[in-house]
Amino acid sequence: MSTKVAVVTGSNKGIGLAIVRALCQQHYHGDVYLTARDSGRGDEAVKSLAADGLTAKFHQLDINDEKSIVSAAAFFKKTYGGVDVLINNAGIAFKDADPAPFPVQAEVTLKTNYFATRDMLTHFLPLIKAGGRVVNVSSFVGARTLNKCSAALQQRFRSDDITEEELTGLMEQFVDLAKKGEHEKGGWANTAYGTSKTGLTVLTMIHARRLTKERPHDGILVNACCPGWVRTDMAGPKAPKSPEEGAATPVFLALLPAGATDPHGRFVSDKEVQPW
């Protein structure tokens, strides 16, 4: 029987590192991989866990580089025959005070939070083993953003028949309109981060429906979650939750027991399914 393996993207610090730590502490029955763009930072994070008596492995992975994704996917397929747990945690957010113009923020934010995460799922979903768990770290900001969109956009984002191609086209449309300063006129909310997380949550639901149809007997569960407002470099020091508290829901979804059928294709916060 092959060794189980869990992979966490963007996990050399913040919530990602806390997720790796929690998986190790909860004695995940397999190898836990901390991944990061920078090998030096990744190795340092693994050493910091080792100092606490926790064993994680490192693999370089930059989700904004498709070659890096393809290389990592090949490694996990060859070494483990696939992946049992995938937590897509890597993401970015511009600070409120950032002087970058909105069109730049829109393009850069969606590039990582939607398009690069979509690339991860394109290459890794086929590797997810029977009984596997996929967790996409989204945000309650995505749900709030959805409610600020036009009725037509809300209808599409909540529909059961939206396809990945249609969703990706809508995400491209947002970036194009943002570059022209016309996104609000087009029915979009004025937030790049929120829009990227709306897209990621809807993508999660699309993939869940597809897996149910294409691999109905494999028991794979795919969910999006909000870790909450967490004290990290990204969210700042005033946030109420610690990284460990932020890791609780992603880890809960990653460790849903064998045979569980729900939640699947849902948006989860504080370990509870939330309305979408």
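Every number here is computed from the coordinates shown, using simple stated rules; none is lab data. In this text the structure is predicted, and so the values were computed from the model without any measurement. Cβ atoms come from the backbone with ideal geometry, glycine included; neighbour counts cover every protein chain shown.
Which value at 222 nm does the chain reach when only helices count, each DSSP H run of 4 or more adding -39,500 (n - 2.57), with the total divided by all residues and rounded to the nearest 500 deg cm²/dmol? Present the calculation step by step, with values, prior to reporting the outcome.
On the way: 10 runs with 125 residues, N = 276.
Theoretical 222 nm ellipticity from helices: -14000 deg cm²/dmol.
Which residue fluctuates the most in the chain, going by a Gaussian network model with Cα springs under 10 Å, if the choices are 187, 16, 40?
In this elastic network of the chain, the residue with the biggest mean-square fluctuation among 187, 16, 40 is 40.
Among 119, 160, 96, which one shows the biggest mean-square fluctuation in a GNM of the chain, springs joining Cα atoms closer than 10 Å?
Maximum among the listed residues: 96.
Using DSSP, restrict attention to beta bridges with both residues in the chain and report what percent are antiparallel, rounded to the nearest 5.
So the antiparallel bridges amount to about 15 percent of the total.
Going Cα to Cα from residue 95, which lysines come in below 26 Å? Please leave out same-chain ones fewer than 8 positions away.
Partners within reach: 13, 111, 148, 179, 180, 185, 197, 238, 241.
Find the Cα radius of gyration of the stretch 98-249, compare it with 2.2 N^0.38 Å by division, and give the number to two decimals.
Here the Cα radius of gyration is 1.08 times the empirical estimate.
Amide H to amide H under 5 Å from residue 228: which residues, 5+ apart in sequence or cross-chain, H placed 1.01 Å off N in plane?
140
Under 10 Å, Cα contacts only: if you run a Gaussian network model on the chain, which one of 214, 172, 184 comes out with the highest mean-square fluctuation?
Between 214, 172, 184, it is 214 that shows the largest mean-square fluctuation.
Quick one: net charge of residue 79's neighbours, Cβ under 14 Å, K/R +1, D/E -1?
Details: positive: 4, 57, 77, 78, 129; negative: 31, 84.
Local net charge: +3.
Angle, helix 66-80 long axis vs. longest principal axis of the chain, Cα atoms, 0 to 90°, nearest 10?
30
Output the 0 to 90 degree angle, nearest 10, between the alpha-carbon long axis of helix 243-254 and the longest principal axis computed from the alpha carbons of the chain.
80
Rg/Rh for the stretch 133-208: what does it come to with C-alpha atoms and Rh from Kirkwood? Kindly include the intermediate steps, with their values, before the conclusion.
Working: Rg = 11.7 Å, Rh = 12.4 Å.
Taking Rg over the Kirkwood Rh, I get 0.95.
Relative to the first principal axis of the alpha-carbon coordinates of the chain, what is the inclination of helix 164-180, with its axis defined by its Cα atoms, in degrees from 0 to 90 and to the nearest 10?
Relative to the chain, helix 164-180 is tipped by roughly 50 degrees.
Provide the three semi-axes, in whole Å and in decreasing order, of the ellipsoid equivalent to the chain as defined by the square roots of 5 times the Cα gyration tensor eigenvalues. Write down the numbers at each step before the final one.
Working: eigenvalues 165, 94, 59 Å².
After scaling each eigenvalue by five and taking roots: 29, 22, 17 Å.
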